[in-house]
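Trainee: What follows is a structure written as structure tokens; I'll ask about it next.
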Amino acid sequence: MKFLEHKIPPPAVGLGIGVLMWYLASLVPPLDVSYGVRLGIAPALLGVPLFVLYINRFQIAPEERVMASLFGADYAAYKEKVRGWI
């Protein structure tokens, strides 16, 4: 699926997944429980790992390949010091 790399900007991905999450939440009837929590959001929460997986595969991985090819050992040393998703 290399054709998807860098094609869709991350804000557009976030918006699309947000709409999907809203739609999924609307399919499940809300439950009245204490603390004002709507358990109808449970299916919508699947959007969070979906976003992370998509961004890791199609945005971050290609960017890291480019950075490694441009900066070599300096970038490798930087990656050792800095966590991902800062």
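Please treat every number below as a calculation from the coordinates, not as lab data. Because the structure is predicted, anything quoted here is derived from the model rather than measured. As a convention, Cβ positions derive from the backbone with ideal geometry for all residues, glycine included, and neighbour counts pool all protein chains shown.
Trainee: At Lys7 and Ala42, where each label point lies 7 Å from the Cα along Cα→Cβ, what is the point-to-point distance in nanometres?
Mentor: 3.5
Trainee: Which three lengths, in whole Å and largest first, does region 8-81 cover when its Cα atoms are put on their principal axes?
Mentor: On the principal axes, region 8-81 reaches 55, 26, 14 Å in Cα extent.
Trainee: Got a sec to turn the phi values of region 48-56 into Karplus ³J(HN,Hα) couplings, 6.51 cos²θ - 1.76 cosθ + 1.60 with θ = phi - 60°, whole Hz, x for Gly and Pro?
Mentor: My calculation for region 48-56 gives 5, x, 4, 4, 4, 4, 4, 5, 4 Hz in order.
Trainee: Moving to a separate point now. Nothing charged except the Cβ atoms of Lys and Arg (+1) and of Asp and Glu (-1): what's the magnitude of the dipole of region 8-81 about its Cα centre? Round to the nearest 20 debye.
Mentor: Rounded to the nearest 20 debye, it is 60 debye.
Trainee: Using 0.36 nm per residue, how much length does the chain from Arg83 to Ala61 gain when fully extended, once their Cα-Cα distance is taken away?
Mentor: Answer, rounded to one decimal: 6.5 nm.
Trainee: Sticking with this structure for a sec: Please give, to one decimal in nm, the separation of the simple spin-label points placed at Ser69 and Val28, each 7 Å out from Cα toward the Cβ.
Mentor: If labels sit at Ser69 and Val28, their model points lie 4.2 nm apart.
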